[in-house]
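The values are calculated or read from the model by the stated rules, or taken from the named source; none is laboratory data. These numbers were taken from a predicted model, which means no experiment stands behind them. Cβ placement follows ideal geometry from the backbone for every residue including glycine, while neighbour counts extend to all protein chains displayed.
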Amino acid sequence: MTGESTHEHTHKEQRRQYTFNKLKAFGQEIIEDIEKNKVPTLKIPSRGTGNIVYDEDKRYYILGDRYGRRSLGNVKQIRKLGQMVYVANFCKDLVQRDKTATIREMYYISEGWGIEFNTQQESNIVGEDLEVALGATREDLGLMPEEDGASVYGDITLLDGDYEINAARAGKSGYTISPTIDQVELLDCGADFLLAVETMGMFHRLVQEKAHERYNCLIVGLKGQAARATRRFIKRVNEELGLPVYICNDGDPWGFHIAQVIISGSAKLAHVNHDLATPDAKFIGVTASDIQNYDLPTDPLKDIDVLRLKELSKDPRYQTDFWQTEIKKMLKLGKKAEQQSFSKYGLEYVVDTYFPEKLGLN
């Protein structure tokens, strides 16, 4: 056990003070309007599809420069603006006391506000609106997701609170990536690259076969669509530690999408992609070419798969030769395959043969 480093503590405190000041200024703006007998109005960057732009240089989605105005003078906007003020006040209290709450807890707490949320979705949208308005992340505001983060296994040592943890000595499931990953210090890392896999089944297979030692890598189990904390961890490892990132998911449009969200971010979170996207990460499989080359067991593409593949082929994130070729090939094959399909050749095959070939380790 070790204490939090002075540098880390100072950085965390500065970040907390910065967020607190932003929340305070947000409320102050409304108070000043009222004192001047003006109808309070807030200027908020637009999150409409017309203002979500794929930046070719940055290689991820960003928000454009359009703004919308929310006014308490507009009957249609009063409820949402009121909810936003309540959420901001709730977050100010969390930040001030250095506490966190899950987005689910906030949803239930709103019952006592008099303008409670009707659905969790409504609550999430107001939380995201506040992120955009303040230019602060949900995590900085003290709001956490409900679900557990993904797992990382391998030679990386982290300082999480008062505890030093090595992810290769933290049990069979490794280190669970904290929702407050920005407050975790990356102390030391002996790995050469990071390998992310979609399913926990594949994660456990790689751990059992000691792939982290054989390839000298970190293994991340994404648990399907990667949570924000997982994407932030991957970006930090890539940027701060200089580790290349490789992603291997199921060979279907959903697996492609999970990988691409890690690489280029999502349109929905255009306002925080600069903290989450890892544009240099590479997708290494399962591809349509793998289905053919390794003669993998497959399932036929469903209508919804075909529709989704056609959507992806038009998406700006998939315009490289690699993606265009693989999407066309999958549509022509009419088939998809799971990561686990390599088990056809035995449990060890994926670690002994497939990954070394894809990673050029032979």
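Suppose we filter region 218-253 for residues that are more than 24 Å from residue 169 (Cβ to Cβ), free of Cβ contacts under 8 Å to residues at least 40 places away in the same chain and of a type outside the set (D, E, K, R); how many remain?
Residues flagged as more than 24 Å from residue 169 (Cβ to Cβ), free of Cβ contacts under 8 Å to residues at least 40 places away in the same chain and of a type outside the set (D, E, K, R) within region 218-253 amount to 2.
Among the numbered conditions (1) in contact with a helix residue (DSSP H, G or I) (Cβ under 9 Å, 6 or more places away or on another chain); (2) closer than 28 Å to residue 227 by Cβ; (3) hydroxyl-bearing (Ser, Thr, Tyr), tell me where residue 345 comes up short.
Answer for residue 345: the failing condition is (2).
Return the total of residues in region 28-56 being within 14 Å of residue 133 (Cα to Cα), without any contact (Cβ under 8 Å) to a residue 24 or more places away in the chain and charged (D, E, K, R).
Qualifying residue count for the region: 1.
Going by the structure shown, is residue 99 loosely packed, with under 11 Cβ neighbours inside 10 Å, assigned to a strand (DSSP E or B) and under 28 Å from the mean Cα position of the chain (by Cα)?
Spelling it out, it is not the case that residue 99 is loosely packed, with under 11 Cβ neighbours inside 10 Å, assigned to a strand (DSSP E or B) and under 28 Å from the mean Cα position of the chain (by Cα).
Could you check region 203-229 and list, in sequence order, the residues that are within 22 Å of the chain's Cα centre (by Cα), surrounded by fewer than 24 Cβ atoms within 10 Å (Cβ to Cβ) and assigned to a helix (DSSP H, G or I)?
204, 228
To keep it simple, each residue is scored yes or no on (1) part of a loop (DSSP other than H, G, I, E, B); (2) modelled with pLDDT under 95.
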position: 263; (1), (2): no, no
position: 268; (1), (2): yes, yes
position: 271; (1), (2): yes, yes
position: 279; (1), (2): yes, no
position: 289; (1), (2): no, no
position: 292; (1), (2): no, no
position: 296; (1), (2): yes, no
position: 305; (1), (2): no, no
position: 308; (1), (2): no, no
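Working only within region 230-245, note down all residues that are more than 21 Å from residue 258 (Cα to Cα) and either outside the structural domain of residue 155 (by TED's automatic domain parsing) or part of a loop (DSSP other than H, G, I, E, B) (or both).
Matches in region 230-245: 241, 242.
Look through region 57-96, keep the residues that are free of Cβ contacts under 8 Å to residues at least 40 places away in the same chain and under 23 Å from the mean Cα position of the chain (by Cα), and return whichever of them is farthest from residue 140 (Cα to Cα).
Among them, the one singled out is 57.
Residues that are without any contact (Cβ under 8 Å) to a residue 40 or more places away in the chain: list the strands (runs of 3 or more DSSP E) wholly contained in region 147-199 that include at least 1 such residues.
Correct list: 156-160, 163-166, 185-189.
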